[in-house]
Amino acid sequence: MKPLIVLQGANDPRVLKVESDEIVEAVKKNNVPVEYVVFDDEGHGIRKNENKIRGYKAILDFLDKHLKGVAEAGEKPVAAN
């Protein structure tokens, strides 16, 4: 079971949000950890600095959690796979 992070621009004309929604739901149904970050004011790619910061922070937190086993505040550490 490999965790997945999905970053999606809500206005993306190439990868529609509905497609990402379907992927995320399918992954969840298979009991795979998935984190889904949607940028309501972005398209294909992240252009706004505040969204870049949010996106890179989400990626860093995801990697810390799933590769390093660093838990979020209040959670127990995650065992390394």
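Just so you know, all these numbers are worked out from the coordinates, no wet-lab data involved. As the structure is a prediction and not an experimental result, all values here were calculated from the model. Neighbour counts run over all protein chains shown; Cβ positions are idealised from the backbone, glycine included.
General observations
- For the chain, the longest principal axis of the C-alpha atoms and the axis of helix 49-63 are separated by about 30°.
- Cross-linked pairs K29/K57; K17/K65; K17/K57; K29/K52; K17/K52; K2/K28: Cα-Cα separations exceed 23 Å for K29/K57; K17/K65; K29/K52.
- Gyration tensor verdict on the chain (Cα atoms; rounded if a/c is under 1.5, prolate if a/b is larger than b/c, oblate otherwise): oblate
- Segments 51-60, 1-10 sorted - mean Cβ within 10 Å per residue, highest first: 1-10, 51-60
- Listed residues N30, A10, L63: farthest to the positive end of the dipole of the chain (Cβ charges): L63
- Relative contact order of the chain, pairs being alpha-carbon contacts under 8 Å that are 6 or more residues apart, as %: 30
- Helix 17-29 vs. the chain, principal-axis angle (Cα, 0 to 90°, nearest 10): 20
- This model, with +1 at the C-beta of Lys and Arg and -1 at the C-beta of Asp and Glu, gives the chain a dipole about its Cα centre of some 280 debye.
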